Structures are given as C-alpha cells and as structure tokens.
Amino acid sequence: MISISVRYFGPSADAAGREQEERSLPAGSTLAALSEAIYGEYPGLRKAARSIRFAVNQEYASEDVALSDGDEVAVIPPVAGGAPGGADTPVPDSASGDPVHVALQEAPIDPAALERLVASHEAGAIATFLGTVRAEHGGPGGDASGKGDADDQLLALEYTAYGEMALKKMRAICEAARVKHDLIAVAAVHRTGRLALGEASIAVAVSSGHRAEAFAGCRYVIDTLKVEVPIWKKEHWSSGETSWVDPTAQE
C-alpha cells in the first residue's frame with residue numbers, strides 16, 4: 001500500500017468538507033483510481049468533475065500518472081485569480097540580480113515598487129497592469145439587469161490559493177514571458193485575504209527595449225496567470241451571502 005496526501009482548495013474544500021486528508025491505495029495505483037475514489041465519497045465534487053484538474057507534487061497531471069508513496073495530490077477547481085492566505089512572501093530586493101520577481105502578500109500592492117524591480121538602463125519601456133476589485137450587483141449568480149436581487153451589492157472579495165504551486169506557476173509564466181516577448185525583467189504580485197472595492201488584487205510590471213514587446217509581455221503574463229495559477233476568489237455580498245466565483249460560468 002502507498003500513502004497519499006490529498007489537499008482540497010476553494011470550492012473543492014467546501015464540497016469535501018475538509019482541506020486535507022490522507023488516503024491509502026494499492027501500490028501502482030494511478031491518479032484515475034484516486035479521483036474515482038474521491039468522487040465516490042464526495043458527490044459534490046463528481047458534479048464538477050469535468051472542470052476539475054488534479055496536481056501531483058505541485059504540477060498538473062493526467063489521470064494515467066502512477067502515484068508513489070508520499071505523493072501530494074491537489075484537487076484543483078477552475079481558477080479565478082488571486083492569492084492565498086497566510087504569511088506574506090515579501091517582494092524581493094531588486095539588488096538580487098534575478099530578472100523575475102514573484103510574490104504573494106497580504107499587504108497592499110505598491111506599483112512603484114514593482115516598477116523599480118524591473119527598471120533597467122537597457123529598458124526603453126515599462127508596462128504595468130493593476131487589477132482591482134470592482135463593484136457588482138445582483139447577488140450570487142445575479143446581475144443588475146434583472147437576474148438576482150439588484151439591491152444586493154458586492155462588499156469584498158476573499159482570495160485563497162495553493163500557495164506553493166501558485167508561486168512556482170507564477171515564476172514559470174514570468175520566465176516564459178521573458179523569452180517569448182524579449183523582456184528584460186518581469187515582476188508579478190498577488191494579494192491575499194479579504195479585499196474591499198477598489199483595492200488592487202494583482203500587479204504585473206515588465207520592462208523591455210521597446211513598448212510593443214512590453215505591452216505584449218505584460219498582457220501575456222496576466223492572461224496566463226488567470227488561467228494557470230491555482231487561485232480562487234469568494235464573493236461577499238451585502239445580503240450576508242457568500243459565493244465562489246466560477247470562471248467557467250463567465251463569458
């Protein structure tokens with residue numbers, strides 16, 4: 001028998017009623033066998049099976065992967081952008097010489113600090129993206145055009161994530177952007193926890209020799225982060241209700 005640590009995040013943690021558990025499987029078992037056992041025990045997860053991905057040791061994996069004793073398997077619902085709770089990961093000092101800087105933090109984001117991290121005498125352009133929490137109306141699953149309660153207003157977003165894997169994915173995406181768009185340096189920071197309207201949840205800064213590459217590189221980083229990094233957000237409404245954002249239900 002082998003012992004596997006299973007971790008649940010965001011909506012999957014709610015559906016399973018737990019954040020982590022240990023499971024024993026016969027030696028040679030695949031991820032498919034584990035996922036079937038999980039779906040059999042937690043029907044709420046089976047309903048979302050088509051949109052769930054699994055990660056083994058912080059890397060997305062296919063169901064035919066053979067599991068080994070001591071592996072960590074994460075149940076990954078559709079990601080929606082954000083950052084995990086817990087202690088801050090400080091923005092690195094620009095003197096480190098590393099052209100890629102990624103961080104998760106509870107403190108407010110300082111866009112000027114990110115620009116300083118990517119600044120270079122070789123740069124002819126610095127492009128910065130700042131994502132902020134916007135107002136919404138209509139309550140969970142609703143909108144102000146008639147669906148839901150138009151008086152129910154969004155008060156805050158609460159971000160959570162698979163922190164270790166999120167940092168690895170953020171770095172890989174930023175490194176890929178440097179190569180793909182000929183960037184000099186890249187910095188990306190995500191906030192964590194509960195954010196009020198207007199607060200910045202994510203910031204990306206890139207430097208390049210020319211503006212076209214800077215614009216394209218900045219967009220590549222934010223667009224890819226939103227899809228690949230295991231991050232989720234929960235809406236808090238004035239009615240007292242809360243709801244996980246489901247990106248598969250959005251256009």
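The values are calculated or read from the model by the stated rules, or taken from the named source; none is laboratory data. What you see is a predicted model; the values in this text were computed from it and never measured. Counting neighbours? That spans all protein chains shown, and the Cβs are built from the backbone with ideal geometry, glycine included.
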Handout entry: Residue within the range 169-178 that is in contact (Cβ under 8 Å) with a residue 60 or more places away in the chain and more than 12 Å from VAL100 (Cβ to Cβ) present
Key = yes
Exercise for the section: Return the pairs, sorted by first residue and then second, in which the second residue is modelled with pLDDT under 90 and of a type in the set (Phe, Trp, Tyr), the first residue lies in the range 45-62 and is in the same structural domain as MET170 (by TED's automatic domain parsing), the beta carbons are less than 8 Å apart, and the residues are 6+ apart or on different chains. Expected result: none
Exercise for the section: Please specify each residue of the range 5-31 satisfying the condition of being surrounded by fewer than 15 Cβ atoms within 10 Å (Cβ to Cβ) and of a type outside the set (D, E, K, R). Expected result: SER5, GLY17, GLN20, SER24, PRO26, ALA27, GLY28
Exercise for the section: May I ask you to verify whether HIS101 is modelled with pLDDT of 90 or more, over 30 Å from LEU34 (Cα atoms) and either surrounded by fewer than 20 Cβ atoms within 10 Å (Cβ to Cβ) or not basic (Lys, Arg) (or both)? Expected result: yes
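Residue-wise test of (1) under 15 Å from the mean Cα position of the chain (by Cα); (2) modelled with pLDDT of 95 or more; (3) part of a helix (DSSP H, G or I); (4) at positive phi.
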{"residue": "SER3", "(1), (2), (3), (4)": "no, yes, no, no"}
{"residue": "ARG7", "(1), (2), (3), (4)": "no, yes, no, no"}
{"residue": "GLY28", "(1), (2), (3), (4)": "no, no, no, yes"}
{"residue": "GLY44", "(1), (2), (3), (4)": "no, no, yes, no"}
{"residue": "ALA55", "(1), (2), (3), (4)": "yes, yes, no, no"}
{"residue": "GLY81", "(1), (2), (3), (4)": "yes, no, no, yes"}
Practice task
Only residues that are within 20 Å of ALA216 (Cα to Cα) and of a type in the set (Gly, Ala, Ser): list them for the range 113-127, please.
Solution key: ALA119, SER120, ALA123, GLY124, ALA125, ALA127
Exercise for the section: Give LYS233, LYS169 a once-over and let me know the one that is touching a helix residue (DSSP H, G or I) at 6+ places or on another chain (Cβ under 8 Å) and among the basic types (Lys, Arg). Expected result: LYS169
Problem - Identity of the residue in the range 124-163, acidic (Asp, Glu) and surrounded by fewer than 16 Cβ atoms within 10 Å (Cβ to Cβ), that ends up modelled with the highest pLDDT - result: ASP151
Problem - Among (1) part of a helix (DSSP H, G or I); (2) in contact (Cβ under 8 Å) with a residue 40 or more places away in the chain, the one test that ALA13 misses - result: (2)
Exercise for the section: Determine the pairs where a residue that is in a loop (DSSP other than H, G, I, E, B), located within the range 99-116, has a partner that is of a type in the set (D, E, K, R) and modelled with pLDDT of 95 or more with Cβ atoms under 8 Å apart, the partner being 6 or more residues away or on another chain. Expected result: PRO99/ARG178; PRO108/GLU199
Problem - Within the range 159-213, strands (runs of 3 or more DSSP E) holding 1 or more residues that are of a type in the set (S, T, N, Q) - result: 200-208
Fill in the blank from the handout: Note: among SER207, SER201, SER238, just one is exposed (fewer than 15 other Cβ atoms within 10 Å of the Cβ) and among the small types (Gly, Ala, Ser), namely SER238
Fill in the blank from the handout: The residue that is farthest from VAL179 (Cα to Cα), considering only those in the range 227-251 that are at pLDDT below 90 and part of a helix (DSSP H, G or I), is ALA249
